[in-house]
Amino acid sequence: MDLKEIQTFIESDYLEWNTYFKNQDKKTEAFAIMLKISEESGELAREVLRSFGYANQERLNEPSQLDNELADVLINTMLLARCLDIDVPHILERRMEMIREKIKNKSKEKPCEDCGC
């Protein structure tokens, strides 16, 4: 699956299922999605902690929802990008190129003579 398929899913299936976002102005929609991302990020954080044993015994025995919570954060982030007219594949490509440049420039830096860092 690629990002275009995810965007298509959000445009068709997800927005049909989640009717809250219909007939909302852009500002209200963006704020609501940001709140949803915050909620989903909290649930993801809870699952990450639980996966490392930081939960009560009852929760530790439950099946992991880590993958589902991560997917929820990603889907809602893509939904926000749609709301804000952001071309996700384009911005990711641009950002990855910037990071590649930083990595390339960092490898050209000379280490400190004193400590070698």
Mean separation of Cα contacts under 8 Å, 6 or more apart, over the residue count of the chain: relative contact order %: 31
Charge dipole magnitude, Cβ of K and R +1, D and E -1 - the chain, Cα centre, debye nearest 20: 520
Lysine-lysine proximity count for the chain, Cα under 18 Å, sequence distance 8 or more or distinct chains: 4
For the chain, built as a Gaussian network whose Cα springs stay under 10 Å, the top-fluctuating residue of Ile37, Ile86, Ile103: Ile103
Lys/Arg +1, Asp/Glu -1 at C-beta; the chain dipole; positive extreme among Ala32, Ile86, Asn68: Ile86
Semi-axis lengths (Å, descending) of the ellipsoid that matches the C-alpha gyration tensor of the stretch 3-107: 27, 24, 12
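Give the peptides 50-56, 78-84 in descending order of average Cβ contacts within 10 Å, highest first.
In descending order of packing, they fall as 78-84, 50-56.
Bear in mind that the values in this text are calculations on the coordinates, not laboratory data. The model shown is predicted, which means the values in this text are computed figures rather than measured ones. Neighbour counts run over all protein chains shown; Cβ positions are idealised from the backbone, glycine included.
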